[in-house]
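Q: Just dropping this structure here.
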Amino acid sequence: IAMKRLPAKRHPKDANNLPQGLERIHRKSKHICKLVDDTMTLYWLGNETPKLKKELLDLMSLFEVLVEDASFKFPDRSIAAELPITADVSNTNHRDPRQAPENILYNALRYTPARKTVSISLEKSEAG
C-alpha cells in the first residue's frame, strides 16, 4: 500500500504564533523534565535503601524564597504572610522540601482572581 503524506494545513496567522508556540514547547518540556526528575526520585526512594542525612531545615528561609518567587511570578496578586521569626525542623532531609509548599502556594495564586490576596501562615503544631 502506497501512502502519500499530506502537507499540514496552516492558518495564515500561524506564522505570528510561532514565538508563542516555541515558548509553550519550552515550558512544556521543562515540565516534562521536572516530572521525569520527580519520578526518578520516587523510584530511588522506593527501591534503594538510602542513608538520608538527618538535617536541620530552616522553614523561614524556605518560605521567604517561596513568597519572593511567587510574588514575581504572579505580580497581579498579593501575598499576606504571617510567619514566625524562626521555624526550624530537625531530623529532616533536604531532598526536595520546597515542592509541596510551592505547589500549594502557586495553586492558591493561580486560582485567586487578579488584585486579590492570598494569605499564608506558618504555625508550630502541638505534636512538635
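The numbers here are math on the coordinates, done by the rules we state, and not lab data. What you are looking at is a predicted structure, and each value in this text was computed from that prediction instead of being measured. Note that each Cβ is placed from the backbone with ideal geometry, even for glycine, and that neighbours are counted across all protein chains shown.
Q: Multiply the residue separation of ALA80 and ARG110 by 0.36 nm, subtract the distance between their alpha-carbon atoms, and state the gained length in nm to one decimal.
A: Stretched out fully, the ALA80 to ARG110 stretch lengthens by 9.3 nm.
Q: Among 99-109, 35-45, what's the highest-first ranking by average C-beta atoms within 10 angstrom per residue?
A: Numbers: 99-109: 14.3, 35-45: 10.8.
Ranked by mean Cβ neighbours within 10 Å, highest first: 99-109, 35-45.
Q: Rounded, prolate or oblate, given the Cα gyration tensor of segment 24-121, with a/c below 1.5 counting as rounded?
A: Cα axes put segment 24-121 in the oblate bin.
Q: Mind ordering 75-83, 63-71, 111-119 by average Cβ neighbours within 10 Å, highest first?
A: 63-71, 75-83, 111-119
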